[in-house]
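Read the structure below first, then the notes.
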Amino acid sequence: MKRLLLILALILPAPALAEQVVAGLSRDEIAITTNFDGSEILIFGAVRREAPIPRSGPLEVIITVEGPDRPVTVRRKDRRFGIWINTDAAEVDEAPTFYAVSTTAPLRDVLSDTNDLRHRISIRRAIRVVGSGVSDQPSFTRALIRIREENGLYQLNEGAVSLRDDTLFDTSVRLPANLVEGSYRTRIFLTRNREIIAEYDTVIAVRKVGLERLIYNLAHDRPLIYGILSLVIAIAAGWLASAVFRYIRA
């Protein structure tokens with residue numbers, strides 16, 4: 001009997017989700033050039049249904065955009081003998097270089113703590129700390145979040161997602177100029193009663209191009225040549241400035 005049930009489970013198709021996400025982006029690739037000053041992407045989509053809209057609770061939408069993860073060292077400075085010095089440091093194993101969360105309502109009202117922990121949706125859950133060796137690790141994590149929020153790298157945009165007729169949704173996310181090259185994961189979650197009922201996943205490619213790509217490759221692949229060229233350019237710029245100054249005085 002158990003073998004028969006197993007065979008039936010393998011043959012029969014899985015039941016379709018009552019609500020699914022159909023989404024798109026205004027652009028799926030961003031080019032970083034020498035004059036890049038940031039960008040804005042529009043994320044939009046719709047909810048596809050095989051049945052009437054459920055009445056079990058209001059539909060909510062959460063959209064996240066996450067940059068590449070990098071380890072981070074967070075340092076604490078204290079004033080000692082009249083000067084500021086580094087006293088303590090904590091290691092963060094992985095932290096997104098960019099992270100934005102946009103929602104239709106306050107995050108705590110549309111997502112349960114259990115789902116947040118499972119899917120790592122909120123900013124603090126997106127930061128991974130295994131062991132730092134300090135007793136007050138949460139204070140270092142909060143400091144990292146505060147600094148990156150001030151630089152526009154971490155964003156919590158509550159109420160920024162527009163939802164019409166429980167079907168169409170859209171939002172825009174501002175990407176700052178100081179982006180790190182890599183793949184930016186974009187996730188869309190549908191929730192009811194703070195529980196996730198559907199999700200969608202895609203990627204935005206952020207790449208350096210042109211002169212920016214040449215300089216980046218030279219600095220990482222040929223550091224000696226990069227250093228020599230930097231020295232030559234600095235000497236030439238100094239000589240040119242001196243020549244111009246002498247010409248003006250003459």
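The values are calculated or read from the model by the stated rules, or taken from the named source; none is laboratory data. Note that the coordinates shown come from a computational prediction; the quantities given were computed from them, not determined experimentally. All Cβ positions, glycine included, derive from the backbone under ideal geometry; neighbour counts span all protein chains shown. Heads up: the accessible areas ignore ligands, DNA and RNA and are worked out on the full protein's heavy atoms, side chains in. Shrake-Rupley method; radii C 1.70, N 1.55, O 1.52, S 1.80 Å.
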At 0.36 nm per residue, and after removing the present C-alpha to C-alpha distance, how many nm does the segment from Arg76 to Asp136 gain when stretched out fully? 20.5 nm
Inter-centroid distance (Cα atoms) of the stretch 89-146 relative to the stretch 33-75, Å: 16 Å
Where labels lie 7 Å past Cα in the beta-carbon direction, separation of Ala177 and Arg207 in nm: 2.4 nm
How do the peptides 63-69, 50-56 rank, highest first, by the average count of neighbouring beta carbon atoms within 10 Å per residue? 63-69, 50-56
For Pro106, what charge total do you get from the other residues with a beta carbon under 15 Å from its beta carbon, if Lys and Arg give +1 and Asp and Glu give -1? -3
Would you please put 112-119, 235-242 in order of how densely packed they are, using the mean number of other Cβ atoms within 10 angstrom per residue and starting with the highest? 112-119, 235-242
Between Ala46 and Ser26, what is the spin-label point distance in nm, taking each point 7 Å from the Cα along the Cα→C-beta axis? 2.1 nm
Radius 12 Å from Cβ of Val21, net charge of other residues (Lys, Arg +1; Asp, Glu -1): 0
If I ignore ligands, DNA and RNA and count only protein heavy atoms, how much of Leu59 is accessible to a 1.4 Å probe, in Å² to the nearest 10? 10 Å²
Please work out the FRET efficiency for the pair Ser112 and Ile233, using the Cβ-Cβ distance as r and a Förster radius of 35 Å; give the result to the nearest 0.05. 0.05
Label-point gap, in nm, between Thr167 and Arg146 - each point 7 angstrom along Cα→Cβ: 4.7 nm
Can you give the FRET efficiency to the nearest 0.05 for Arg194 and Asp37, using r as the Cβ-Cβ distance and R₀ = 41 Å? 0.60
Grab the other residues whose beta carbon is less than 10 angstrom from that of Glu66, score K and R as +1, D and E as -1, and report the net. +2
